[in-house]
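Okay, structure first, notes after.
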Amino acid sequence: MNEKVILKKTEDFILKQFESDSSGHDFWHLQRVVNTAKSIQENEGGDLFLIELSAWLHDLGDYKLNDGKDVSVHKINEFLLSLGVGDATIKLVIQIVSEVSYKGGFNQSPTSLEAKIVQDADRLDAIGAIGIARTFAYGGKKGRVLYNPNIDPVAHTSFDSYQHSVQPTINHFYEKLLKLKDLMQTKTGRQLANKRHEFMEQYLTQFYSELS
Ligand code: NI
């Protein structure tokens with residue numbers, strides 16, 4: 001199977017896996033990440049096939065979506081083997097995907113250019129106008145209120161405390177979203193992130209102005 005066919009089959013497979021997800025990890029998230037990663041690659045270089053393949057697969061088996069268990073290695077391996085993809089390529093994809101995930105790890109930097117690009121693309125989809133929409137969609141699924149005037153969103157900023165309690169969704173901006181622009185790995189990613197970050201700042205200003 002040539003690379004073009006493998007990518008098409010991967011896209012079809014991902015569409016089937018994710019079409020019913022309403023938590024913000026839907027098929028269109030994957031497609032946006034693929035497109036953003038490809039446009040970052042145009043400036044930054046890197047292996048386009050590995051980048052596109054990993055971008056499609058980066059949320060498959062993610063721990064947030066499978067009752068807390070990360071089954072991505074197993075699922076990716078099984079799927080790519082079924083397409084006859086070689087072991088060396090599968091290993092690289094699994095390495096990239098494992099480095100893309102956030103999981104509270106501010107300190108781990110991806111080790112390859114391909115992983116840096118896919119991670120930037122994934123994080124870019126978490127900020128800006130789309131990031132805001134995804135954040136409130138996910139919060140709704142988790143039963144979070146938008147905002148509670150009795151809970152200071154800035155004071156509750158730890159990743160762990162947000163994940164393990166039912167805090168208002170607005171807190172998520174402070175424990176994660178506003179930090180992402182400084183965690184970009186590529187210059188192109190940083191430029192895109194700055195624009196989206198600015199929009200979130202404006203959004204929050206407007207949000208608070210409507211409370212009184
Ligand atoms: Ni993702």
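The values are calculated or read from the model by the stated rules, or taken from the named source; none is laboratory data. All values derive from a computational prediction rather than experimental measurement. Because the Cβ atoms are built from the backbone with ideal geometry, glycine has one as well, and the counts that use them run over all protein chains shown.
Here are a few things to note about the model shown:
- Enumeration of residues in region 98-122 that are at pLDDT below 95 and under 11 Å from the mean Cα position of the chain (by Cα): VAL100, SER101, TYR102, LYS103
- For PHE18: the one exception among (1) buried (at least 17 other Cβ atoms within 10 Å of the Cβ); (2) over 20 Å from GLU78 (Cβ atoms): (2)
- Test set (1) under 26 Å from LEU178 (Cβ atoms); (2) at pLDDT below 95 - ASN66 fails condition number: (1)
- Filtering region 165-208 to residues that are among the polar types (S, T, N, Q) and at pLDDT 95 or above leaves GLN185, THR186, THR188, GLN191, ASN194, GLN202, THR205, GLN206.
- Any hit, region 96-111, residues being over 16 Å from GLN41 (Cβ atoms), among the β-branched types (Val, Ile, Thr) and buried (at least 18 other Cβ atoms within 10 Å of the Cβ): yes
- Contact map, region 41-62: first residue among the aromatic types (Phe, Trp, Tyr), second residue within 14 Å of the ligand (Cβ to nearest atom) and part of a helix (DSSP H, G or I), Cβ cut-off under 8 Å, separation 6 or more or different chains; pairs are TRP56/ILE14; TRP56/LEU30; TRP56/VAL34.
- Residue ID - farthest from ILE90 (Cα to Cα), chosen from residues in region 105-143 that are part of a loop (DSSP other than H, G, I, E, B) and within 16 Å of the ligand (Cβ to nearest atom): ILE127
Listed here are the residues, each with its yes/no results for (1) at pLDDT 95 or above; (2) out of contact with any helix residue (DSSP H, G or I) (no Cβ under 9 Å at 6 or more places or on another chain); (3) away from the ligand (no atom under 15 Å from the Cβ); (4) of a type outside the set (A, V, I, L, M).
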{"site": "GLU3", "(1), (2), (3), (4)": "yes, no, yes, yes"}
{"site": "ILE6", "(1), (2), (3), (4)": "yes, no, yes, no"}
{"site": "ASP12", "(1), (2), (3), (4)": "yes, yes, yes, yes"}
{"site": "GLN17", "(1), (2), (3), (4)": "no, no, no, yes"}
{"site": "GLY24", "(1), (2), (3), (4)": "no, no, no, yes"}
{"site": "LYS38", "(1), (2), (3), (4)": "yes, no, yes, yes"}
{"site": "GLN41", "(1), (2), (3), (4)": "yes, no, yes, yes"}
{"site": "GLU44", "(1), (2), (3), (4)": "yes, no, yes, yes"}
{"site": "PHE49", "(1), (2), (3), (4)": "yes, no, yes, yes"}
